[in-house]
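A short worksheet on the structure shown next.
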């Protein structure tokens, strides 16, 4: 990946679009919402997240300027891992989630928790009409690892329009574990190199090009994929890696066997994850910002 440069000769929105399209084509789906529109996957991301995902939720919520009177917009809320705990600390939450299976899981979590201050909107962010679908302005607008849109500039402009306080986007600064596995195995499984999706460096450069100089914080942690055995690991990764033949399955089994470490009653795949939070105040865009922040470099 390139270093952050703020280079005005590069159309960073087109860089984002191109890398998203290449990655999506390789994975043979229609994007993030298509992948997550699956009841089994949605249940795995249920609001009662534990382990590593619980750590992610804590990091995201602690990065937001939450107050009891805050009205919050969660873009790509998924099964509610962040929206549900936030709803107990703020005045109101609007959760935008396009994938039906995820949305149904979120609706169930809201009902079971007796939450009454959360509104769920079943549309892609690109399709949202703020006057029709939302109730702006919001004190906080954020997207947590859910930037699946192709036109990121338009998505950010819409976030700015509906926010009166802080906009925050959370995205990977390096490869998450599943993309690392894809990067390692795709040539042998499918005969072509895997092209990772765009990372936080592209977001920063696009924001810089838009005259937005966000506060940037980078966090690292060790993700641990815990599974009972190698066969369970193959099953967990089968859909992501598009495993279709016995030969592909055997290759993946060998890859995992060489990397899984015994841990108690099961096994664990460890991977160092680098992630970034980019925050800004829309009212400051175009005049109120001071010096541009330091630049960061993504892992791939």
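Only the coordinates and a few stated rules stand behind these numbers; no lab work does. Since we're looking at a predicted model, the values are computed, not measured. Note that we place each Cβ from the backbone using ideal geometry, even for glycine, and neighbour counts take in every protein chain shown.
A simple spin-label model places pseudo-atoms 7 Å from Cα toward Cβ; at residue 61 and residue 113 they are separated by 0.7 nm. Between residue 132 and residue 270, the modelled label-to-label distance comes to 5.1 nm, taking each label 7 Å out from Cα in the direction of the beta carbon.
For the range 165-279, the Kirkwood hydrodynamic radius from C-alpha pairs, put into Stokes-Einstein at 10 °C and a viscosity of 1.306 mPa s, yields a diffusion coefficient of 99 µm² per second.
Rg over Rh for the range 164-220 works out to 1.12, using Cα positions for both radii and the Kirkwood form for Rh.
Once the Cβ-Cβ distance between residue 88 and residue 215 is put in as r, and R0 is 22 Å, what FRET efficiency do you end up with, to the nearest 0.05? Could the numbers behind the result be given before it?
Numbers: r = 26 Å, r/R0 = 1.18.
Once rounded, the FRET efficiency stands at 0.25.
Between residue 261 and residue 154, the simple label model (points 7 Å from Cα in the Cβ direction) yields a spacing of 4.6 nm. Centroid-to-centroid, using Cα positions, the range 104-149 and the range 85-101 are 5 Å apart.
Taking each residue as 0.36 nm, the span from residue 250 to residue 192 lengthens on full extension beyond its C-alpha to C-alpha distance by 19.0 nm. Given their separation in residues at 0.36 nm each and the Cα-Cα distance between them, residue 25 and residue 224 gain 68.9 nm when the chain is fully extended.
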